[in-house]
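A.B. asks: Quick one: this structure, given as structure tokens, is what I'll be asking you about.
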Ligand code: AAT
């Protein structure tokens, strides 16, 4: 009924919860990996929830998917091969498909049921799978990268859930090492990196693992996503040794792309100004990251 409210509370943000008014439960089920819930909210459109944590809403998904895709892809010239880790909803694929230089997109999502459910309830994201450059692998991305050929990718985008459950390995040093190995010299990684308000230690550990692993540059960026815990989410951008990458000044600006999208959809959030601005950190976060 219209009076239902969804709260989410989790040991990752003890005592904090955010609520959304539920119009209608659309899907509820359990996969081998997680609890999956989709509901129609009163104010944010359809919402995907995994293990009690909001993964995306139709209203604010643009802020996350556009940033996690274009921050790395606009930082290198002419990206050709891209790997997406997680991202079973298709939203990141949709954004990558704006880049006409891209020839090949691998996606490794662990949970087939997430993909099937998003096909039904999130058509504006799932459309990303319609791009003929996409090749889907259903499996654990940590395993996938251990077996990936060396120097295979220009960019790796880690669009994974929080590091409890199947995504735990994806924030650890051995995973970053396999990612660096799978990137060509001067290739880039962009990984979901939690909230600077909630996860200082986790972010510090990720930054320190990445500084040891990636010999190019390592930078933290962030964006506003109202339905994520604390309302912000960060990204860790790293480049391997090779042609230097200046993450702050996009060498491949989105405004100059011809927009290879085979369906019509305007960018709602990302532009070159917000790209540069995303790397500007509040003083407390700057201090915490420089202490690593
Ligand atoms: N596009 C925004 C939504 C997500 S979904 C993250 C996806 O990562 C989920 O579909 C989950 O099944 C998948 N995943 C988790 N672990 C693995 C793994 N080891 N290998 C492959 N895929 C995996 C992210 C939102 C971020 C929310 C922040 N609070």
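The values are calculated or read from the model by the stated rules, or taken from the named source; none is laboratory data. All values derive from a computational prediction rather than experimental measurement. Note that each Cβ is placed from the backbone with ideal geometry, even for glycine, and that neighbours are counted across all protein chains shown.
A.B. asks: Does residue 196 satisfy the condition of being farther than 20 Å from residue 102 by Cα, under 17 Å from the mean Cα position of the chain (by Cα) and assigned to a helix (DSSP H, G or I)?
C.D. replies: No: the conditions fail for residue 196.
A.B. asks: Still on this structure, please answer the following. Is there any pair linking a residue in the stretch 161-175 that is on the phi < 0 side of the Ramachandran plot and in contact (Cβ under 8 Å) with a residue 40 or more places away in the chain to one that is more than 6 Å from the ligand (Cβ to nearest atom) and in a helix (DSSP H, G or I), with Cβ under 6 Å and at least six apart or on different chains, and which?
C.D. replies: From the stretch 161-175, the pairs are 173/209.
A.B. asks: Same structure again: Just to check your reading of the model, which residue among 139, 128, 86, 90 is more than 28 Å from residue 231 (Cα to Cα) and within 11 Å of the ligand (Cβ to nearest atom)?
C.D. replies: The unique qualifying residue is 139.
A.B. asks: From the list 63, 2, which residue is on the phi < 0 side of the Ramachandran plot and at pLDDT below 95?
C.D. replies: 2
A.B. asks: Within the stretch 175-217, which residues are out of contact with any helix residue (DSSP H, G or I) (no Cβ under 8 Å at 6 or more places or on another chain) and within 14 Å of the ligand (Cβ to nearest atom)?
C.D. replies: Hit for the stretch 175-217 is 199, nothing else.
A.B. asks: Another one. Which residue out of 142, 179, 148 is part of a helix (DSSP H, G or I), surrounded by 18 or more Cβ atoms within 10 Å (Cβ to Cβ) and out of contact with any strand residue (DSSP E or B) (no Cβ under 6 Å at 6 or more places or on another chain)?
C.D. replies: Only one candidate qualifies: 142.
A.B. asks: Only strands (runs of 3 or more DSSP E) wholly contained in the stretch 1-111 count here; list those with 3 or more residues that are touching a residue at least 24 places away in the same chain (Cβ under 8 Å), touching a helix residue (DSSP H, G or I) at 6+ places or on another chain (Cβ under 8 Å) and within 21 Å of residue 156 (Cβ to Cβ).
C.D. replies: In the stretch 1-111, the matching strands (runs of 3 or more DSSP E) lie at 81-86, 104-109.
A.B. asks: Name the residues in the stretch 76-102 that are farther than 19 Å from residue 47 by Cα, in contact with a strand residue (DSSP E or B) (Cβ under 6 Å, 6 or more places away or on another chain) and surrounded by 24 or more Cβ atoms within 10 Å (Cβ to Cβ), would you?
C.D. replies: Result: 82, 83, 84, 85, 96.
A.B. asks: Identify all residues within the stretch 235-249 that are free of Cβ contacts under 8 Å to residues at least 60 places away in the same chain and surrounded by fewer than 22 Cβ atoms within 10 Å (Cβ to Cβ); write none if there are none.
C.D. replies: 241, 242, 243, 244, 248, 249
A.B. asks: Sticking with this one: Among the residues of the stretch 274-287, is there at least one that is outside any helix (DSSP H, G or I), within 30 Å of residue 123 (Cβ to Cβ) and at pLDDT 95 or above?
C.D. replies: yes
A.B. asks: For residue 156, indicate whether it is assigned to a strand (DSSP E or B), more than 11 Å from the ligand (Cβ to nearest atom), touching a helix residue (DSSP H, G or I) at 6+ places or on another chain (Cβ under 7 Å) and without any contact (Cβ under 8 Å) to a residue 60 or more places away in the chain.
C.D. replies: no
A.B. asks: Which residue out of 110, 105 is closer than 24 Å to residue 268 by Cα, within 16 Å of the ligand (Cβ to nearest atom) and surrounded by 23 or more Cβ atoms within 10 Å (Cβ to Cβ)?
C.D. replies: Step by step, each of 110, 105 is checked, and only 105 is closer than 24 Å to residue 268 by Cα, within 16 Å of the ligand (Cβ to nearest atom) and surrounded by 23 or more Cβ atoms within 10 Å (Cβ to Cβ).
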